[in-house]
1. For chain A, which DSSP H helices look membrane-span-like by this rule: Cα extent along the axis of 30 Å or more and mean Kyte-Doolittle of at least 0.0?
2. How shielded is A:43-51 by partner chains, expressed as the average number of their Cβ atoms within 10 Å of its Cβ atoms?
3. Once you average over the residues of A:72-78, how many Cβ atoms of partner chains fall within 10 Å of each Cβ?
4. Residue by residue through A:256-269, how many Cβ atoms from other chains fall within 10 Å of the Cβ on average?
5. Given the Cα-Cα distance of B:ILE42 and B:LEU70 and 0.36 nm per residue of separation, how much length would full extension add, in nm?
6. Arrange the peptides A:110-123, A:78-91, A:5-18 so that the one whose residues have, on average, the most other Cβ atoms within 10 Å appears first.
7. Segment A:48-94 to segment A:189-215: how many Å between their Cα centroids?
8. So for each of A:65-77, B:53-65 I average, over its residues, the number of other beta carbons within 10 Å; can you give me the resulting order with the highest mean first?
Amino acid sequence: MDLGFPWWLRVEHFLNIIFISFLVRSGLEILSTYPKLYRSQHTVPGRSWAQFTVQKEPKHKFYTVGGEYSDYSPRIALPGRGLLGLGRYWHFITVTGFVTCWVTYFILLLVTGQWRRYVPTSWDVFPQAWQDMLSYLAFTMPHPVEGMVFNALQQLSYGFIILVLTPLVILTGAFQSPAIANHFSRITRLLGGRQVIRSAHFLCLVGYLAFFAIHVVLVFLHGYLHETSKMVLGHSDNPVLGGTIFTVGLMLLVVLHVVATRWTLADGRAVEKLHNRIVRPWSNLLYKLPARMHYDRSNITGKPVGLDNTTQNFRGSGRPPETEEYFALMANGYEDDYVLEIGGYVEHPMTLTVAELRELAAGHSQTTLHHCVQGFTSIGRWRGIRLSELLDLAGPLPGATDVVYTSFQNMGRDDVLYEGGSYYESTPMVEARMPQTLIAFELNDEGEIPAKNGGPVRLRLETSTGFRSLKWLERIEVVNRYDIILEGRGGYFEDTDFFDRNQLI
Amino acid sequence: MEDENSPALRVGVDFRGTPNATEPVLEHIKPGGKRAPLLRYIRINLPRATRWLLVALIALVGVASAAVALSQRDIFPLAITALWSLVGLTVVFVIIGLTTHARIWTWGLLITLFSLLIYLGGLLGNAPYVWNGASVAEAAIWNLTLFASVVYSLLYWALRYGMIVASPDQQNFTD
């Protein structure tokens, strides 16, 4: 068959330039907020295999993950300046297009027989690719295989990028999602764990950049106008026209990036709206994937496991409340004074002490991987009671749709990094009733939860990124709408920054 | 040690009296600037892999140079002698690199500069290029000495710049 350059292939090629360039820039924005790569899921300070920051953290003072943001330039990252939420929005908007494009392309390759351009149909391709490599090294141009549009080395390298690297980057990207990673926890561990997956995702980026650099050099060596014309017109009969159109396309791409960056920095809420239209229709499907992580090498059955896999020093990602009230609670060991309030749209409003929570929990625990939105992970064994059991005791009234959690923490008061008021979060009832949504009162069998990790009582939402697992929990309120609370976006970071309430990715 | 409760001091990290003791500090940023040069943001801490890579590149230079020397092509006067001398140096380098923890990277740079000098001599002489009558394989091996030397030189620069480290050194990340 004549492989040529069909129109859909040329369209896909140009769309991929747009998508991948946006993914790279927004991915760098995400990286910038925790610019360290690890092999171990415990993310122990000093053990990273790579760092992409010039910041040295305080050596003799407690620092939180929130202070690890690195300020990347908007010329490099999208949008730059440590705006993680907006970087995530762009990454997910673009990934929607990228994956759709790749799946469509894959199907078209199969049904049209064009898969032959990437998949060798003879073992002869491999020795021929070696000969082609030698030809390039010898500063001579290898010839295309008979009946093919490019040489054997190009066939193998393009095949690798499209059929190996792209599925790998999609897979490792998908497993950044706490909902996916904690639902398919066996696969998470099979892939080496969250930090290995994160590192592999980064190395895929390096792979794309390396391919891009070599690809561009070879396009110039083979003849810029000749090669780009094939990707525009499908032939090289009129290289000047094709090359000109391609160059104009590249210039428009640069303009698109500049406009997107400036627009994002000027009006983040507009980008949020775009994200909600494009991403939420599929990200909401992840509510169907309840977490079922019990961190043990041989067990995902739901049985409690020991402390072998837990993180010795669970990372702190916020500053404890600095109020007389909280200090008094802490000084008295919480047990006598702390009371968790459960109220709102329920039949039986109630208050529970830690001792009562402990009694209700009857020894229940879960050992899970914490997915920080920035990127750090720690593994903790949380002892607590399932929220669904507490809700059953309280009895939500008909029409109750969401659960709101309020913390003792006041961000503007307690943490110099932030402004604003009380920390709160909310979940839809489906997330509140998930089997691993927990009201926890003990970490790693230490008798309590340390103050830096949210003691005396905190929420664990294993399907969401870490900041939604509210710490220093004061009150739980069942409501019939959350959009009338404060800014109406469902949580502190949702209100004051650019984070979606759906944090399942 | 004055404070046994300090985890930092317990592991020998002592920044007392510096701003970094209690505050984050940003390095490599010029006064008045907001950000450091781009490449300062990259720090890879894979010392053993880097050591292997550097040694492998010099080995590649040596093997390729030996192959060129064995072809007995008259590239320029005394080229064969120069190539075999280069091979000898690479052998010594590889042995030291694999059997000791010595920091030999500057010696490696000198070897690659020697190799590049021979390549330059080939450009002025009768180098084994296809257009000089050599086979594709001969030309590829000849150019391999160029590419391996250039890559080693770039890695050497990255090493000195602090982007990468080679065993026995490491980045000494503490955070």
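Read the figures in this text as sums done on the coordinates, not as results from a lab. As the structure is a prediction and not an experimental result, all values here were calculated from the model. Positions of Cβ are backbone-derived with ideal geometry, glycine not excepted, and every protein chain shown enters the neighbour counts.
1. The answer, listed by residue number, is A:7-32, A:84-112, A:194-222, A:239-266.
2. Mean shielding by partner chains, rounded to a whole number: 5.
3. 2
4. Taking all residues of A:256-269 together, the mean is 0.
5. Value of the extension gain: 6.0 nm.
6. Descending packing order for the listed peptides: A:78-91, A:5-18, A:110-123.
7. About 18 Å separates the Cα centre of segment A:48-94 from the one of segment A:189-215.
8. So the order, starting with the most tightly packed, is B:53-65, A:65-77.
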